[in-house]
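The values are calculated or read from the model by the stated rules, or taken from the named source; none is laboratory data. From a predicted model like this one, the values you see are computed outputs, not experimental measurements. Ideal geometry is used to build each Cβ from the backbone, glycine not excepted, and the neighbour counts take in all protein chains shown. All accessible areas refer to the heavy atoms of the entire protein, side chains included, with ligands and DNA or RNA removed. Shrake-Rupley method; radii C 1.70, N 1.55, O 1.52, S 1.80 Å.
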Amino acid sequence: DEETDTGSDNDESAEETTDYSAALVTDEGGVDDKSFNQSSWEGLQAWGEEHGHTEGEGYDYAQSDAASDYEPNLTRLVRNDYDLIFGIGFLLEDAIANIAEQNPETDFAIVDTVVDAPNVASITFAEHQGSFLAGVAAAEKTNTDQVGFVGGVESDLINKFETGFIAGVKSIDPDIEVDAQYVGDFSSADDGKLIATRMYNDGADIIYHSAGAAGNGVFSQAKDLKQNDPDRDVWVIGVDRDQHEEGVIGDENVTFTSMVKRVDISVQEVSDLGLNSEFPGGEVIEFGLEDEGVSIATTNDEALTDEIIVEVEDWEERIMNGDVDVPQTHEELETYLDSL
Amino acid sequence: MDYVIEMLNIRKEFPGVVANDDITIQLKKGEIHALLGENGAGKSTLMNVLFGLYQPEKGEIRVRGEKVHITDPNVANDLGIGMVHQHFMLVEPFTVTQNIILGSEPKKNGKIDIKKAERDVQALSDQYGLKVDARAKISDISVGMQQRVEILKTLYRGTEVLILDEPTAVLTPQEIIELMDIMESLIAEGKSIILITHKLKEIMKACDRCTVIRKGAGVDTLNVADTTVTELSSLMVGREVSFKSNKTPASPQETVLKVENLVVKDSRKVDMLKGLNLEVRAGEILGIAGVDGNGQSELVEAITGLIKSEKGSIHLKNKTIKNLPPRKITESGIAHIPQDRHKFGLVLDFPIGENLALQNYYQKPYSNKKVLNYKEIYENAEKLIGEYDIRTPSAYTLARALSGGNQQKAIIAREVDRSPDLLIAAQPTRGLDVGAIEFIHNKLIEERDKGRAILLVSFELDEIFDVSDRIAVIFDGEIVADLKPEETTEQELGLLMAGSKKEKVGGE
Amino acid sequence: MGFVDLLQSIIPPALFFSAPLIFTALGGVFSERSGVVNIGLEGLMIMGAFVGIVFNLTFADVFGAWTPWVSIIVATIVGAIFSIIHAVASVSFRANQVVSGVAVNFLALGLGVFLTKQFYGKGQTDMVSEPFYTTNIPLLANIPIIGPIFFQNIYVSSYLAIVLAFVAWYVLYKTPFGLRLRAVGEHPMAADTNGINVSRMRYIAVIISGALGGLGGSVFALTIALNFSHATIVGQGFMALAAVIFGKWHPLGAMGAALFFGFAQSLSVIGGGIPLLADVPQVYLLIAPYVLTILALAGFIGRAEAPRANGEPYIKGSR
Amino acid sequence: MTSNKMFNILVPLISIFIGLFAGAIIMLVFGYNPIEGYVALWHGAFGDLYFIGETIRQATPYILTGLAVAFAFRAGLFNIGAEGQVFVGWIAAVWIGTTMDAPMYIHLPVAIIVAAVAGALWGFIPGLLKARLGVHEVIVTIMLNYVALYSSNAIVRTVLSNNEDRTENVAPSASLASDWLQELTYFSRMHYGILIALFAAVIMWFIIERTTIGYELKSVGYNKHASKYAGMSVKRNIILAMVISGAFAGLAGSMEGLGTFQHMTTQSGFTNLGFDGIAVALLGANTALGVVLAALLFGALKVGALNMPTESGVPNELVDIIIALIIFSVASSYIIRLLILRFKKEGK
Ligand SMILES: Nc1ncnc2c1ncn2[C@@H]1O[C@H](COP(=O)(O)OP(=O)(O)OP(=O)(O)O)[C@@H](O)[C@H]1O
Ligand SMILES: Nc1ncnc2c1ncn2[C@@H]1O[C@H](COP(=O)(O)OP(=O)(O)OP(=O)(O)O)[C@@H](O)[C@H]1O
Ligand SMILES: [Mg+2]
Ligand SMILES: [Mg+2]
C-alpha cells in the first residue's frame, strides 16, 4: 500500500501542479503520535494533495528518533530542494536556527516557539487561551469543586497549558481546587495512571492532561472508574487533537472535551503563503482563538452542554476582545489570580 | 566372558591433543581395578567416555558382553555405570538428599516426596555404613562426607559399576581407611569398581588388577599381586621414581616465623584457632599434620593476610605482620602455595605467562611506573616453564587449558622463584602423579637447603614424614604436639591428630 | 488522612503498578535460575504489549468481554515463542547471554513498531475497546478495613500475579522440575551427570521467561497503556530485572521487590498531592522511589549472590 | 594465532552480512525494494561529506558509552548506568560551559574534565555499594539512571536557567564545535569530540592492555579470590572500574553538551546513548578497537536509517531489526566459527 518516489503517474491532481514544495521534520513523537506531529503531517498532506503533489515529490516528512536527528533530517530535506521546511515542536528550535542560518535560500517554519531569523516563520499557538477555555468548561462541569492537571515534563510550553487551565478554572470560581502534577516524562503511562488514580481518589472529577503517551494512563484510569460506576462523573480533557476516540467506553465517553490545536491549519496556511511568494519570514504568527488555531472540541455534546458552551464562548469573546489577558507562566498566573 | 565392562581400542581427541589413543581396559565383575597414569595421561578422559560425557572417535564399549553406545550419562546410569568425579558434581546450596535424588526424584502428586527421599537416602547410607546426614547442606559438610554423598548418588541409581576418579586425593588418612572399607562392602554386594589414583600404596592394598596408561596410550594391565610399586611407577612414568627423598638432616638457623596465641574466627564467628603457637626456623621444613578442618586453612590464611586475626601475634623475622594487607605480607618475604589452586592460585582465564607474574607484575622489571613490560613477563615465564617442566603448548595458553598437575607446577614455580624467607605450602602435591610429587618434594628440600623456612601443610602422613624436619600436630585450633619424624610413628601421630593424646608444646 | 485511608489510596494503585513487573520478574527468575541471564525482559514485555494490543484490537468483536483474557494468553504464547531466539542463541549457540538479551530488546522494539506501521499505517495503535477493568472481589471486599485496602477496585490480573509468584515458588522449590532447573543453574555439569538434559532445561526456562515476560507486557498494555507505540514499554523490563536481583532470584523475593517498587512509586505520587509536601520541588518526589530502592538495598537487603552458573554457557566436558 | 585473527575479522563481517541479508528478506516480504532501502541507508550515512560528518558525530558519543560499558565488563561488572552517567556528564559540562569565564585552553579542558568527574561520581556510587555492601551494580545503576534523568531536568530548569527548557549555549571558549570541520562537511555538527573519543579509546586500550591497573582489573573480573591472594584490593578495583567506566560515559555527555548541542534541554526520556553503548561494547567484543568500529557501524546505521523512509519508504525501525540481527550473529560467533571451519574443510 506504500507509494514510492518512482513513477509519478498520479493523475488525480485536480489543481495545477506548482513548483513550490514543502516538508516537515517531526520531533521524537513521529508523524503518528496522535498529537501535533500527526496533525501537522495531515495538514501538509492535505496541502500537498490540493496542489497535485505526491508524497516524496512536493511534500514529505522526516521522522526523528532522537534530538540529535533533527539537524541531519532538516539538512537532508534542504538537499532535496524543498522550498519550505517545517520544524515541528519547540524541541527543534536550535536545529531550525542553525540550519536556517546555513541555508538562507530556503524557507523554514518552526512550530511552538520563536526563531528570530529572516528566513524563518515562527508559528505559535495560544495554548494558554485554549487551556483557559478548557478550564472554564471544567469549572462549569465539576461537581466536586476539584479538578486536576497532569503534565509530562515541566517546560515553558506545558506551563502554558497548566497556567491557562488554572486561570480558566479560577475565573469561574476561585474556590475550585486545581491539583497539578507532572509525570517527569512523556512516556510513563504507569506513572500517569498512578497520578490520575490519586487525583480521582482525592475528589477530582475532571483531569486535563498534557502528557503525551503518559496521558494514556489518565484515560485508562478514568475509563476504569467509569466502568465500575457508570453513574460516577469522571472526565478527561484531551489535548492537541480531539481525543474523543480515546474516551470511548461502551456507550459512554469519558472525554469531556479536548483542547484542540490546529497545527494542520497553520501548516497549510504558511505553505500557501510561501506558494504565493508571501512567505512570512522573520515573523511570528500566533494562531489563537480567532482563526480556530486553538479551540475546544465539542464532540461530546452530552457532557459539554449548551450552557457550558455559552459560558465558554462568552470567555472566548472576552479573551479576543483583550478584556482578559490569559497568563502563560506561573508568575503571570500569580498576578492574574490576585487580580480576580 | 565375565567382564562387566570392556573398553576396546578407545581413541579420544581434543583440539590439538590426543587424550586417549587405542586404549583397552577390561573390568571383571567383582574386582577393584586400578587405572594408573601420570597427570594428563588421559585417565579421566577415558572414564568420561565410559560415563557418556565424551564420545570416542574410535573404539568399542561392551557392557556385559553387549556392544553399547553410551551417548550421555543417562545411558550410563541405565547401564548401571556410576561415576564419582575428580571434581565433585554436587550442587552446593542443595541438601545431601536433593543432590542424591536429582534427576530421579520420588514424587507424590507432582511434588517431590522429600520425606520418602530422606528416608531412602538415610537407609542406603546406613546399609553401606556411610554415615551421611541426609538433611545437611553440601556447603556445610566435609570433603570426605561430600565424597560419600557422591558414592550414595550412584548407589541410589542402582549402580553396578562404580568409577572413582582420584577419590583419595582430597581425603584424610582416616577417611581413606573408611573409603577402603566402603569399597570392600560394595564389592561384597557384587559391584565392580574402577579406581583412579596416584597413590601406589593404595593400589597395592586394595586393588585386584591395574591398567597403566602413559601419554594417552595403554601400557599394560597387571595383576596387583604379581607386581611392585617400583614396577608400576616406572611403567607409568617411564623411569625409576624414588619414593624416599634423599635429604640431608636440617640445620635450622634463626626463627623466621613466630605465631603466638593466635585466635581466628570463621565467617560464622566460631573460633577456629584458639590461641595457637608456632615457630618455623630458617633452613627447616615444619610439617603441620592434622585432620582437615582443625584450623589448618585458617592458620595459613591468617599468616598470609587473607583473613583477619582476632588476637595474638604473628612475627616474620621480628616484624609483626598480623592483619597487614596480603601484599604487605608477601612483600615482607612470604610465599604461599595455596591449597585451592583454582580458587586462589590461578586466574584461569589469564595466559599461563601472566599467571606466573601474578605476584610480581607490579615490580620492576615486569612493569615500570604502572606500565607492564610484557617482554620481561614472558621471558621470565619461559624461563620458569623450562625450569619447572610445566607442560604447556606455550606461555600464551590460558591456564584453564593446562592439566591439574601442570597448573600446580606453575604455582610452585611462581612462588618458589620469589625466594621468600618463608614458603607456605598447603597441600602442594594434591592430585599429582608420583613423578610430579617427587619433583616438588625435591624442590621444597632444595629451598630448605638454601636457608628458607618452609611451612608444609598436608593431610598425607607419608608426605609429612618424608619431607618434614619437624612435625607439629594441629587439633581443634591448637598445636598439640611438636615431634621429630624419626622419633614418632604413624600410629602415634594418628592418635594425636584425633585429639586423644595431648602433649604440651611451646615452652610458654 | 488517616492511616487506613492512606493504605487504601496507596495499595490498590501499587498493585496495578507492580503486577506487570511481578509477571516479568518471575520470568526472569526462571531464566536466571537455570543459568541464563535475561537482559531481554524489556524486549519480551514489548512483544507482549504489542501482541496483546493487536490481538485485542483485532478480535474484540469475536471474544467480547473475554478479549483481554484471550489477548494475554496469546501474548503469553507469542512471548514464549519469541524468547526461543534468546534460548537458541544463548544455549545452543553459546552466545554471550547479555549480548543476546540486548539484541532481544532491539529486535522487539524494532519489530513491534515496524509491524504496527505495516498493520495500521501509523506508528501507534488505537486504544483497545476491551481492556481489563478493576473489580471488587466478592465477599472479601466487604471485610472491614482489609476489604477496601486489598479487595476493592483491584485488577484481577494483580492477584493473578501474586498467585503466580506462589506457584512459581512451589514449582521451583517443591517439584522435580524445579529442583532440576535450579541444579542446572548452579552446577550444570552435576545436573548433566545426573542425567538431566541441561540444554532442554534451559530452553524450557527461557521459554517460561518469554511467556511470563509476554504476559507482563500484555497486562501492562491492557491495564495501563491501552495502546501500543514505541513509548509503551520504556524501562519496565529493566525494573523487572532489578526486581529479580533485588529479590535475590527467589520468586517471592522478586514479587516483594516489584511490590516495593509499586509502593515507592505510589507513595511518591501520593506525596505530590499532600499539601504539606506541596512546596517540595517535584524532582525530589520523582527520584524518591529510585533513591528509596538504593537505600533499601544498601541498608538491609545487601549482598545478593546470583545462581552460580548464571551467564555461563554449558559446554559438555569443559573444565 | 593467525587463524584466530582471521576469525576476529571474518565473524563480524559475516554477522553484518547476515543482519543485512535478513533485513533484505524482511523488506521483500513486506513489499519494499531492498536495494532501494539499502541505497537510501548508504546515502543517509555516507551520501556526501555532510552525512559522513553526521555519522562521525553520532559515533562520537557511542564510542565513549561503548568504552564505558566495555571497561566495566572487563572488570566483571555490568554498567547499565551509562545512560545516567551521560546525563550527569552532559549537565556538568554545560554547567561549566555556561557559567565559567576563562580562556579556551582552560575553559574547555575544565568543562570536559568536570563532565568526566561527574560521570565518575555517578559510577562511584554503585561501585562503592558493590565493593562495601555487595549490592548488585545492575540494580543500582538502573535506579541511578532515573535519578539522573529527573535531576538533570530539574537542574536545567531551576539552576541553569530561569524555569526554561534549556540552558544557555556554552561559551565559545568551552565549545568543541569546529568551524573548520563544519565547513569541510557542509555544516554537519561533527566536532573535535571525535578526537577525544578516539583518544579515550587509546586510553582504554592502554589501561587495559598495558598497565598494572588493567591487569588488576581484569584479574579481579576473572577471579576475585586469586586477586586478593595476589595482594590486589578487590574493593578498590571494583570501585576504580566503575569510576573509570562512569568517567567515559560522562565524557560522552560532554560530547553532547559541548559538541553536538552546545547546551542541554530538559529531556522527555532517556537518550538511549547509554543503552546503545551496551550493544556497541558487546559488538566490539569489549576491546577498544572493537568499540570504535562498532560505534562507527552503529552511528552509520542510525544516521543512515533516517533517510530510509524519505528515500525508499522503508520504516526506519527496520534498522533496529537489522542491528538486533547483527548483534545476535556476533553473539553466536561460536556457531559461525563452526560453519567457517566446516566450509573450509569441505572446500579442501
Ligand atoms: N575438555 C578438554 N579439552 C581439551 N583438552 C582436554 C580436555 N580434557 C582433557 N584434555 C587434555 O587431555 C589430556 C588428558 O587429560 P585427563 O584429564 O584425561 O588427564 P588425567 O589422566 O585425568 O590427569 P590428572 O591425573 O591430572 O587428572 C590432557 O592433555 C588434557 O590437557
Ligand atoms: N532430562 C530432562 N531434562 C529436562 N527436564 C526434564 C528431564 N526429564 C524430565 N524433565 C522435566 O522434569 C519434570 C518431571 O519429569 P518426569 O515426570 O519425566 O520425571 P521422572 O519420570 O521421575 O524423571 P526421570 O525418569 O527422567 O528420572 C517434567 O516437567 C519434565 O518435563
Ligand atoms: Mg517512572
Ligand atoms: Mg583426571
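Things worth noting here:
- 3J(HN,Hα) from dihedral phi, the stretch B:387-400, Karplus parametrisation 6.51/-1.76/1.60, rounded to Hz, x for glycine, proline: 4, 9, 6, 7, 8, 8, x, 6, 6, 8, 6, 5, 4, 3
- Taking amide H atoms as placed 1.01 Å from N in the peptide plane, the amide H of B:Ala289 lies under 5 Å from those of B:Ala472, B:Val473, B:Ile474, each 5 or more residues away in sequence or on another chain.
- C versus A: buried accessible surface, summed, Å² (probe 1.4 Å, to nearest 100): 2800 Å²
- HN-Hα J in Hz across the stretch A:214-226 - Karplus 6.51, -1.76, 1.60, θ = phi - 60°, x for Gly and Pro: 5, x, 3, x, 5, 4, 4, 5, 4, 5, 5, 4, 5
- Inter-label distance, nm, simple model (7 Å from Cα along the C-beta direction), B:Ser104/A:Asp301: 8.1 nm
- Relative contact order (percent, whole number), the stretch B:346-419, Cα cutoff 8 Å, 6+ residue spacing: 39 percent
- Expressed as a whole percent, the proportion of Cα-Cα pairs in the stretch B:346-419 lying more than 19 Å apart is 24%.
- Prolate/oblate/rounded call for the stretch D:291-348, Cα gyration tensor, a/c under 1.5 rounded: prolate
- Alpha-carbon centroid distance for the pair the stretch D:1-46 / the stretch C:73-96, whole angstrom: 23 Å
- Placing unit charges on each Cβ (+1 for Lys and Arg, -1 for Asp and Glu) gives the protein assembly as shown a dipole about its Cα centre, and among A:Ile85, B:Thr197, A:Ala167 the Cα reaching farthest toward its positive end belongs to B:Thr197.
- Hydrodynamic radius by Kirkwood, which averages 1/r over all alpha carbon pairs of the protein assembly as shown, in angstrom: 35.8 Å
- Interface burial for D against A (accessible surface, 1.4 Å probe, total of both chains, Å², rounded to 100): 2800 Å²
- Ellipsoid fit via the Cα gyration tensor, the stretch B:3-237: semi-axes of 30, 20, 16 Å, each the root of five times an eigenvalue, largest first.
- Cα centre as origin, Lys/Arg/Asp/Glu Cβ charges: the protein assembly as shown dipole, Debye: 12380 debye
- For residues of D:150-157, the mean tally of beta carbons on other chains within 10 Å: 5
- Atom-type composition of the exposed protein surface of the stretch B:3-237 places 47 percent of the accessible area on carbon and sulfur (1.4 angstrom probe).
- Protection proxy ranking of A:141-153, D:328-340, D:16-28, by the mean of other Cβ atoms within 10 Å over each peptide's residues and highest first, is A:141-153, D:328-340, D:16-28.
- Percent RCO, i.e. relative contact order, over the stretch B:1-140, from Cα pairs under 8 Å lying at least 6 residues apart: 20 percent
- When the charge dipole of the protein assembly as shown is built from unit charges on Cβ atoms (+1 for Lys and Arg, -1 for Asp and Glu) and taken about the Cα centre, the candidate among A:Gln146, B:Asn380, D:Ser152 whose Cα reaches farthest toward its positive end is B:Asn380.
- Global geometry of chain D, whether rounded, prolate or oblate, following the gyration tensor of its Cα atoms and the 1.5 cut on a/c: oblate
- Summing both sides, the accessible surface hidden between D and C at a 1.4 Å probe radius is close to 3900 Å².
- Charge-dipole axis of the protein assembly as shown as Lys and Arg at +1 and Asp and Glu at -1 on Cβ define it, positive-most pick from D:Ser254, C:Gln236, B:Val17: B:Val17
- In order along the stretch C:2-12, the Karplus-derived 3J(HN,Hα) couplings, from 6.51 cos²θ - 1.76 cosθ + 1.60 at θ = phi - 60°, round to x, 5, 5, 4, 4, 4, 5, 8, 8, 5, x Hz, and Gly and Pro are given as x.
- Within-10-Å neighbourhood charge of D:Leu149 [Cβ basis; K, R +1; D, E -1]: -2
- Share of carbon and sulfur in the accessible heavy-atom surface of the stretch B:286-334 [1.4 Å probe, %]: 50 percent
- Beta bridges by DSSP in chain A, antiparallel share as percent, to the nearest 5: 15 percent
- Whole-number D in µm²/s for the stretch B:255-394 (Stokes-Einstein; Kirkwood sum over Cα pairs; 37 °C, 0.692 mPa s): 193 µm²/s
- Report note on the peptides B:40-53, A:114-127, B:361-374: ranked by the mean count of other C-beta atoms within 10 Å, highest first, their order is B:40-53, A:114-127, B:361-374.
- Residue of C:Ala264, C:Ala87, C:Ala49 that the Gaussian network model of chain C assigns the largest fluctuation, springs spanning Cα pairs under 10 Å: C:Ala264
- Count Lys and Arg as plus one, Asp and Glu as minus one, and take only other residues whose Cβ is under 11 Å from that of B:Glu13; the net charge is then +1.
- Protein accessible area in the stretch A:116-221, 1.4 Å probe - carbon and sulfur %: 38 percent
- Within the shell defined by Cβ-Cβ distances under 10 Å, the residues around B:Glu298 carry a net charge of -2, with Lys and Arg each +1 and Asp and Glu each -1.
- Put simply, the amide H of C:Val37, placed in the peptide plane, has neighbours under 5 Å in C:Gly311, leaving out anything fewer than 5 places away on its chain.
- Surface/4 of the Cα convex hull for the stretch D:256-341, nm²: 7.7 nm²
- Projection of the Cα convex hull of the stretch D:113-167, averaged over all directions and equal to a quarter of that hull's surface, yields 4.3 nm².
- Overall, the stretch B:164-239 carries a charge dipole of about 420 debye about its Cα centre when +1 sits on the Cβ of Lys and Arg and -1 on the Cβ of Asp and Glu, all other atoms neutral.
- Sequence-distant residues sharing a close amide H with A:Gly293 (under 5 Å, placed H): A:Gly288
- Sequence-distant contacts, meaning Cα pairs under 8 Å at least 6 residues apart, place the relative contact order of chain A at 18 percent.
- For the options C:Ser83, C:Ser92, C:Ser158, a Gaussian network treatment of chain C with springs between C-alpha atoms closer than 10 Å singles out C:Ser92 as fluctuating the most.
- For the stretch A:267-340, the dipole from Cβ point charges (+1 on Lys and Arg, -1 on Asp and Glu) about the Cα centre works out to 280 debye, to the nearest 20.
- Restricted to Cα atoms, chain A shows a radius of gyration and a Dmax of 20.6, 64 angstrom.
- Calculated FRET efficiency, C:Ile143 to B:Lys111, Cβ-Cβ distance, R0 = 35 Å: about 0.65 to the nearest 0.05.
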